[in-house]
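Any read-out appearing in this document is the output of simple, stated calculations on the displayed coordinates, not a laboratory observation. Given the structure is predicted, the values throughout are model-derived calculations rather than measurements. Here the Cβ is made from the backbone with ideal geometry for all residues, glycine too, and neighbour counts use every protein chain on show.
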Amino acid sequence: MAIRRTGSRELVVDGRAYLWRVRPKPTDMQGLAQSGLVVAVQLASGGCRLAVQLRRARPDNWMAAESVVVTPRDVAGFIRVAIERGWQPSEDGGTFVLSADVGA
């Protein structure tokens, strides 16, 4: 399954175009600040997805917990770290999960 183009942002990292997005509304667990923000990334042309799981809450959590805002610079860092750890973005299928802090 590909990342939806609607609501996603394009980012070029090391000459390759990626799409990234954060789901528009929090899940119940995210809203209660019991799970962190998740950023989804995929090559613009498709391939293996990357799910970056952050330890901090979404900015729109319902508990006013300390939150994080993810920037394109952060996403570029996540992509580079994931590739170093074995993510092969051009391969088909599955989701590679990366646990990270902002600015990885």
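Whole-Hz Karplus ³J(HN,Hα) for region 50-61, in order, using 6.51 cos²θ - 1.76 cosθ + 1.60 and θ = phi - 60°, x for Gly and Pro?
Karplus values, whole Hz, x for Gly and Pro: 10, 10, 9, 9, 9, 7, 8, 6, 5, x, 9, 5.
Just how large is the dipole of the chain about the Cα centre, in debye to the nearest 20, putting +1 at every Lys and Arg Cβ and -1 at every Asp and Glu Cβ?
Taking the Cα centre of the chain as origin, the dipole is about 220 debye.
Could you work out the local net charge near residue 78, counting Lys and Arg as +1, Asp and Glu as -1, over the other residues with Cβ closer than 12 Å to its Cβ?
With Lys, Arg at +1 and Asp, Glu at -1, the net is 0.
State the volume of the convex hull built on the alpha-carbon positions of the chain, expressed per residue in Å³ and rounded to an integer.
Enclosed volume per residue, from the Cα hull, is 92 Å³.
How much length would be gained if the chain were fully extended between residue 73 and residue 34, taking 0.36 nm per residue of separation minus their Cα-Cα distance, in nm to one decimal?
11.5 nm
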